[in-house]
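S.K.: The structure is given below, and queries will be raised subsequently.
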Amino acid sequence: MRETVLLIEDEKLMRVTLEDALKAAGYGVDSFEAGQEGLKAFRAGVYTVVATDMRLPDITGIDILREISALSDVPVVVMTAFGTIKDAVEAMKLGAFDYITKPFDLEEFLLLVGRALEVKKLRDENARLKRDLGKCYRAPNIVGESPVMKHVFSLVARVAATDSTVLVLGESGTGKELIASAIHYQSKRKGRPLITVNCAALPEGLIESELFGHERGAFTGAVKRKPGRFELADGGTLFLDEIGDLSLPTQTKLLRVLQERAFERVGGTQTISVDVRLITATNKKLDEEVKAGRFREDLFYRLNVIPITLPPLRERSEDLPSLVAFFLERYGGRTGRSVRFSKEALEVLMAYDYPGNVREL
């Protein structure tokens, strides 16, 4: 569909000139002399950009901006004479995309309209991605109809509405990261970052820098300041996978952040405050790690506010047919092939105990 500009300009020569320039640039154009006529057309039509004069015979550009902003997120470009720049600045405060001062070059005007169009496309794409993410990460889309999984989904829905710290427990391959994603994307923080760190994958010498960031010159190779994962997750959720693999010194520093919600970068002196929801996961039995002296007891209690335990696949074998169908559809679509399992083949799969859980399946 061709992008269409709504043009509202009371000076006939200016209106015709701008209309011709927009059409020559490939835009559809609906142009009006009066503001009320333009608003009536906006309510009835679909426009990607609005360009309006500030001073019109019946209403002002401010009136037009207020109504359009209340109805949609379509960007509004305000055209103004030099003497009414104060009004244009007010329009910017009310949400106008930008303003241009008369007299102006046609190329400058077209460039501004093009920029407004790009911003509209980015907004629309961002909204679409958020909708898609919401669909992808709702707990019901994690496959499972067994009673134990329904209990997990119920827990996810309840804890997502809070800011409580969550500890996800379960064997390797049971889907702990999917549960963390489901909690985040059902929470009020879903529009903010979800930052994931695999604690087991980071060398001991780097994990502090990864979590808290570092200042330039803090150590050999630190050629510039680097924000840590806590900073990147500010306002959102930080998921620390394999939390049981953290060393005791790092556990101590993590405990301080949880208590004070603040930290310093490696090599820095400035205290940085953050608002982060923490979700952690492990395939280890942390209570046993505490007894063995490998995990701090006080940190365990801080993390274990709301535990969610994922069952191994062998304990929910009734979910296997649904999981098989899910993976066949996903990967069959990528290869362009339609694959069906015989009853006998499914029975073979059902008889296996899957030590690697869903990942192995």
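No lab work stands behind these numbers, since they all come straight from the coordinates. Computed from a predicted structure; not experimentally measured. Counting neighbours? That spans all protein chains shown, and the Cβs are built from the backbone with ideal geometry, glycine included.
S.K.: Could you compute how fast region 215-321 diffuses translationally, taking Rh as the Kirkwood radius over C-alpha pairs and applying Stokes-Einstein at 37 °C with viscosity 0.692 mPa s? Give it in µm² per second.
M.R.: 205
S.K.: When you count, for each residue, the other Cβ atoms within 10 Å and take the mean per peptide, how do 251-259, 228-236 rank with the highest first?
M.R.: The packing order, highest mean first, is 228-236, 251-259.
S.K.: Report ³J(HN,Hα) in whole Hz for each residue of region 317-325, in order, from the Karplus equation J = 6.51 cos²θ - 1.76 cosθ + 1.60 where θ = phi - 60°; Gly and Pro get x.
M.R.: 4, 5, 7, 4, x, 5, 5, 4, 4
S.K.: Which whole-Hz ³J(HN,Hα) couplings does region 298-304 yield from phi under the Karplus relation 6.51 cos²θ - 1.76 cosθ + 1.60, θ = phi - 60°, glycine and proline marked x?
M.R.: Karplus values, whole Hz, x for Gly and Pro: 5, 5, 4, 5, 5, 7, 8.
S.K.: Tell me which of Leu232, Leu278, Thr252 sits at the most positive position along the dipole axis of region 223-280, charges placed on C-beta atoms (Lys, Arg +1; Asp, Glu -1).
M.R.: Leu232
S.K.: Order by neighbour count: His184, His151, fewest other Cβ atoms within 10 Å first, most last.
M.R.: Numbers: His184 24, His151 13.
Lowest to highest Cβ neighbour count: His151, His184.
S.K.: Further, regarding this structure: Can you tell me the dipole magnitude for the chain around its Cα centre, using point charges on the Cβ only (Lys, Arg +1; Asp, Glu -1), in Debye to the nearest 20?
M.R.: Once rounded to the nearest 20, the dipole reads 780 debye.
S.K.: Of the cross-linked pairs Lys176/Lys284; Lys121/Lys188; Lys150/Lys284; Lys93/Lys120; Lys12/Lys102, which ones have a Cα-Cα span greater than 20 Å in the structure shown?
M.R.: Lys121/Lys188; Lys150/Lys284
S.K.: Explain nothing, just compute: Karplus ³J(HN,Hα) = 6.51 cos²θ - 1.76 cosθ + 1.60, θ = phi - 60°, for every residue of region 62-74 in order, whole Hz, x for Gly and Pro.
M.R.: Ordered by residue, 3J(HN,Hα) equals 5, 4, 5, 4, 4, 5, 5, 5, 6, 8, 7, 10, 5 Hz.
S.K.: Work from the charge dipole of region 4-133 (Cβ charges, +1 for Lys and Arg, -1 for Asp and Glu, about the Cα centre) and give the residue of Ile68, Leu13, Pro57 farthest towards its positive end.
M.R.: Ile68
S.K.: Over the chain, calculate the relative contact order: mean separation of alpha carbon pairs under 8 Å at least 6 apart, over the residue count, as a percent.
M.R.: Numbers: 572 pairs, mean separation 51.4, N = 361.
It rounds to 14 percent for the chain.
S.K.: Taking the Cβ-Cβ separation of Ala325 and Asp98 as r and a Förster radius of 41 Å, what is the calculated FRET efficiency to the nearest 0.05?
M.R.: Values: r = 51 Å, r/R0 = 1.25.
That pair, Ala325 with Asp98, gives E of 0.20.
S.K.: Sequence-distant or interchain residues sharing an amide H contact under 5 Å with Ile308, placed H: which?
M.R.: So Ile308 has HN proximity to Leu167, Val168, Leu169.
S.K.: Around Ile8, which amide H atoms from residues at least 5 apart in sequence, or from another chain, sit under 5 Å from its own amide H, with H modelled in the peptide plane?
M.R.: HN-HN under 5 Å from Ile8: Phe32, Ala51, Thr52, Asp53.
S.K.: In a GNM of the chain with a 10 Å cut-off on Cα contacts, which of Leu299, Leu248, Leu13 has the highest mean-square fluctuation?
M.R.: Result for the chain, Cα springs under 10 Å: Leu13 fluctuates most.
S.K.: Collect residues whose amide H, placed 1.01 Å from N in the peptide plane, falls under 5 Å from the amide H of Asp98; neighbours closer than 5 in sequence don't count.
M.R.: Under 5 Å from the amide H of Asp98 lie the amide H atoms of Val76, Val78, each far enough along the sequence or on another chain.
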